[in-house]
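In what follows, a structure is listed as structure tokens, so that the remarks can point back to it.
Quick note: the coordinates plus some simple rules give every number you see, no bench work behind them. What you see is a predicted model, and the numbers here were worked out from it, not measured in a lab. Counting neighbours? That spans all protein chains shown, and the Cβs are built from the backbone with ideal geometry, glycine included.
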Amino acid sequence: MHPIAPANRSTLSKSFTQSESFFPRLELPSPSRHKRSMEADKPAIRSQSRSLLIPLLLWLPSLLLGFAYGIYLKNPVLLDQALALAGHSYQIGKNILLFGILPLALLALLLYPPFFPWLRLTWERIRKKSQFDRKLAADLLTRLHKFETVPDLLQLGRLYLESGQYGMALPLLAKALEKEPDSPRPHSLIAQALYEMGRPTEALPHAMANLRLLGDGFGKAEARLLLAKILAQKGELQEALAQLENLHRESGENYESLFLEGLIYKHLGEGQESQRAFSKILQLGRNRKRRTPKQDWILAKAKMALLLKGGTFMGKDQ
């Protein structure tokens, strides 16, 4: 392995982090204020079945523009009349449709391999946020204002964390940690929240404490992967690789750990090691079991990384 160059460390840190300048105050929101905020941000998305509309809405403009371009090639006068009726000049229509810039751009986007996996992953995140159990959160807040218990604090903090409300989750998790400082669960959730907020320096001690307190218990693989992600976000690439090696030796390889390993090697300038990690992802992808949206996205990104670097592109196996 090569030593970490300052440029690589800075580049990776900037690509993984977002600046945060404050830690939330350790106080519980009132149930009434919580209910008002819930009413204000009720999601418009109600059903996962609408996800089928997304590809249709994306393909439709491209098909319509392609059809109009065909009309122009076949009979420019007819298209000129149609554009005139629509209030557009013939020259504008000619410039757009003659070169086919817009339909070609849309087709290029739709044919980009990671696009639909990314779309599916984004939709899954929106769906999870829309399924936030507001009634349960309000009930937990009411109970916590009467008597604070660690299970209630952790449950409510996890609800906020899974819905992306990290600022709401941190005060609850910090209170749970105050009550049970030797429990790995608060450390784990706090580390996750701080990592998602782009604050690896604060997240690192909690991730290390989580791994230490777990010992050889259940959840060690997830704890080690989280620690590796935080180390990579902080720019400590060799330390992150060491954690990934331990993870692979103890629990085996998975999509996310291999993808992180490939990214780190890429930033270190070790192209062969990076391609080796991405190739292993493709080998995992040959298993035809149902993949999660995140696994599909990682698989598509690994394919593109290998394709652009001249590696073996095993798209036919998928």
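Take the Cα of Arg249, step 7 Å toward its Cβ, do the same at Trp123, and the gap between the two points is 4.2 nm. Label zone of Met208 (point 7 Å out along Cα→Cβ, amide N under 19 Å): in the range 157-195 this covers 181-195. Cβ crowding within 10 Å ranks Met197, Met208 as Met208, Met197, fewest other Cβ atoms first.
Computed from the Cβ-Cβ distance with R0 of 30 Å, the FRET efficiency linking Phe218 to Phe115 stands at 0.25.
Between His145 and Met304, the FRET efficiency from the beta-carbon distance, with R0 = 45 Å, is close to 0.35.
Cβ crowding within 10 Å, taken as a proxy for footprinting-reagent exposure, orders Phe147, Phe278 from fewest neighbours to most as Phe147, Phe278. In terms of its C-alpha gyration tensor, the range 170-303 comes out prolate, because a/c is 1.5 or above and the ratio a/b outweighs b/c.
By the count of other C-beta atoms within 10 Å, a proxy for reagent exposure, His267, His187, His248 are ordered fewest to most as His248, His267, His187.
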